[in-house]
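Heads up: the structure comes next, in structure tokens.
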């Protein structure tokens, strides 16, 4: 298995080189040269596997010979031993037509743990095997930062710097990042939005000389390993339904701002998993829903919402989807991204939009609607949704067809967003790990929103 750039100007490279490169050196994103096809017989064999066993089988398809199978198994086992639930990502039935895939049983109570526990161990493995310097730089709208830090804190040969938008993440998200007092961790609170943080990261990685001089490695979902790790739980969720008698396709409703989580679902579908519709749920920052419904990808006015991890206007993984939408035409993708840089938008023709809508449905959830769903589901089903999961459930209720079965991805524990939960006069008890954060000192540096502001801090840290 080799990896190539969506813009076509990077020679094919192996899995480990792909995760070390992060953002492709030509400014594109790395994708597998081919998508492995999983037969119906193989799906049936996989149906009874544990999460760890399934992850090993799927990773093996993409890692090929870069990591011996016994060493890959150890990486997988170590990564998911940190989860609080024996199934790692269990499925909870809400109604016959609606299930919730709980992705928050990892150490930081967020879905990002599923990928970043693995990626943290993977980086540590590569550092040992290749004697490589690993300097991780990432941006977060809230959950990635804590998960990434937890995945690598204290590990020899690795340093990590995380950028988050100052004052625009939840209190618990901020504490999970900034109460870590390890010498290999730097938190930068950027004056601006998550889109500013993400832009800085992409531009730093696009500066190839700087990237190589300081050994920068990616932790955001521009890193293909993140996507591959997230693909596993789509298979596992479907198999849990199948083990309880479900047959035929299932929809997945995915709260997303950066298009990474739902792109993992797209990859699972392309591999052969019986996925019906991929329901794309956004909040009022609705660039992705607007694209699916109208064929126009164009950032709008940034809005702060009750689901801050999706307060994103520019989705970094969207380019990967464009690559497959246009049949692997790297020149076309490069032209579209140039158009986006110059004009601030991408418009696809009607025939292309039809193909988009064969795979995706989309709905943008209003701020009050999000809170109403939290209150309604708590009252009716005694199940507490975090505001991001509430967006996914709201989108499913709006666009799923009658009689269709949908799995809504629950991306975070509600305790991480108590500010929103309290607005519906719901009182929850914090898990003890989260409660303990409020007594700890914080460690963060507030910086301006320019590349140079961040560069100077990175040079001093690394």
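Name the residues in the stretch 153-177 that are free of Cβ contacts under 8 Å to residues at least 60 places away in the same chain, farther than 13 Å from residue 189 by Cβ and either over 20 Å from the mean Cα position of the chain (by Cα) or assigned to a loop (DSSP other than H, G, I, E, B) (or both), would you? Show your work before the answer.
Taking the stretch 153-177 and keeping what is free of Cβ contacts under 8 Å to residues at least 60 places away in the same chain, we get 153-158, 160, 162, 164-165, 167.
If we keep only those that are farther than 13 Å from residue 189 by Cβ too, we end up with 153-158, 160.
Once the filter is applied, which keeps residues that are free of Cβ contacts under 8 Å to residues at least 60 places away in the same chain, farther than 13 Å from residue 189 by Cβ and either over 20 Å from the mean Cα position of the chain (by Cα) or assigned to a loop (DSSP other than H, G, I, E, B) (or both), the stretch 153-177 yields 153, 154, 155, 156, 157, 158.
Somewhere in the stretch 306-315, is a residue closer than 27 Å to residue 371 by Cα, part of a helix (DSSP H, G or I) and touching a helix residue (DSSP H, G or I) at 6+ places or on another chain (Cβ under 7 Å)?
Here is the first cut: in the stretch 306-315, the ones closer than 27 Å to residue 371 by Cα are 306-315.
Filter again for part of a helix (DSSP H, G or I), leaving 308-310.
Now drop any that are not touching a helix residue (DSSP H, G or I) at 6+ places or on another chain (Cβ under 7 Å), which leaves 309-310.
Yes, that holds for at least one residue.
For the condition surrounded by fewer than 17 Cβ atoms within 10 Å (Cβ to Cβ), closer than 30 Å to residue 419 by Cα and in contact (Cβ under 8 Å) with a residue 60 or more places away in the chain, residue 316 does not qualify. Among the residues of the stretch 189-215, those identified as touching a helix residue (DSSP H, G or I) at 6+ places or on another chain (Cβ under 6 Å) and crowded, with 18+ Cβ neighbours inside 10 Å are 190, 200, 205, 211.
Which of the following residues is under 24 Å from residue 408 (Cα atoms) and in contact (Cβ under 8 Å) with a residue 40 or more places away in the chain: 344, 392?
Just a single option satisfies the conditions, and that option is 392.
Taken together, 379, 436, 390 contain a single residue that is at pLDDT 95 or above, assigned to a helix (DSSP H, G or I), more than 25 Å from the chain's Cα centre (by Cα) and closer than 22 Å to residue 142 by Cα, which is 436.
The single residue among 362, 330 that is at pLDDT 95 or above, surrounded by 15 or more Cβ atoms within 10 Å (Cβ to Cβ), farther than 27 Å from residue 176 by Cβ and in contact with a strand residue (DSSP E or B) (Cβ under 6 Å, 6 or more places away or on another chain) turns out to be 362. Taking only the stretch 346-360 into account, find how many residues are within 23 Å of the chain's Cα centre (by Cα) and not in a helix (DSSP H, G or I). Of the residues in the stretch 346-360, 2 are within 23 Å of the chain's Cα centre (by Cα) and not in a helix (DSSP H, G or I).
Scan the stretch 333-344 and tell me whether some residue there is over 15 Å from residue 287 (Cβ atoms), out of contact with any helix residue (DSSP H, G or I) (no Cβ under 7 Å at 6 or more places or on another chain) and buried (at least 19 other Cβ atoms within 10 Å of the Cβ). Yes, there is a match, as at least one residue in the stretch 333-344 is over 15 Å from residue 287 (Cβ atoms), out of contact with any helix residue (DSSP H, G or I) (no Cβ under 7 Å at 6 or more places or on another chain) and buried (at least 19 other Cβ atoms within 10 Å of the Cβ). In this structure, is residue 299 surrounded by fewer than 18 Cβ atoms within 10 Å (Cβ to Cβ), more than 26 Å from residue 10 (Cβ to Cβ) and under 20 Å from the mean Cα position of the chain (by Cα)? Yes.
Only one of the numbered conditions (1) touching a residue at least 60 places away in the same chain (Cβ under 8 Å); (2) more than 13 Å from the chain's Cα centre (by Cα) is not met by residue 257, and that is (2).
Please enumerate the residues belonging to the stretch 123-140 that are surrounded by fewer than 24 Cβ atoms within 10 Å (Cβ to Cβ) and either in a helix (DSSP H, G or I) or touching a residue at least 40 places away in the same chain (Cβ under 8 Å) (or both).
Let us first name the residues in the stretch 123-140 that are surrounded by fewer than 24 Cβ atoms within 10 Å (Cβ to Cβ), namely 124-135.
Hits for the stretch 123-140 are 124, 125, 126, 127, 128, 129, 130, 132, 133, 134, 135.
Can you confirm whether the stretch 267-278 contains a residue that is at pLDDT 95 or above, under 25 Å from residue 144 (Cα atoms), in contact with a helix residue (DSSP H, G or I) (Cβ under 8 Å, 6 or more places away or on another chain) and part of a strand (DSSP E or B)? Yes, the stretch 267-278 has at least one match. In summary, residue 409 fulfils each of the numbered conditions (1) farther than 16 Å from residue 373 by Cβ; (2) in contact with a helix residue (DSSP H, G or I) (Cβ under 9 Å, 6 or more places away or on another chain); (3) in a strand (DSSP E or B) with the single exception of condition (1).
Each row is one residue, and each column tells you yes or no for (1) under 17 Å from the mean Cα position of the chain (by Cα); (2) surrounded by fewer than 21 Cβ atoms within 10 Å (Cβ to Cβ); (3) more than 27 Å from residue 23 (Cβ to Cβ); (4) touching a residue at least 24 places away in the same chain (Cβ under 8 Å).
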{"position": "69", "(1), (2), (3), (4)": "no, yes, yes, no"}
{"position": "81", "(1), (2), (3), (4)": "no, yes, yes, no"}
{"position": "85", "(1), (2), (3), (4)": "no, yes, yes, no"}
{"position": "89", "(1), (2), (3), (4)": "yes, no, yes, yes"}
{"position": "98", "(1), (2), (3), (4)": "no, no, yes, yes"}
{"position": "113", "(1), (2), (3), (4)": "yes, no, no, yes"}
{"position": "146", "(1), (2), (3), (4)": "yes, no, no, yes"}
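The values are calculated or read from the model by the stated rules, or taken from the named source; none is laboratory data. Note that the structure is a prediction, hence the values are computed from the model and not measured. Note that we place each Cβ from the backbone using ideal geometry, even for glycine, and neighbour counts take in every protein chain shown.
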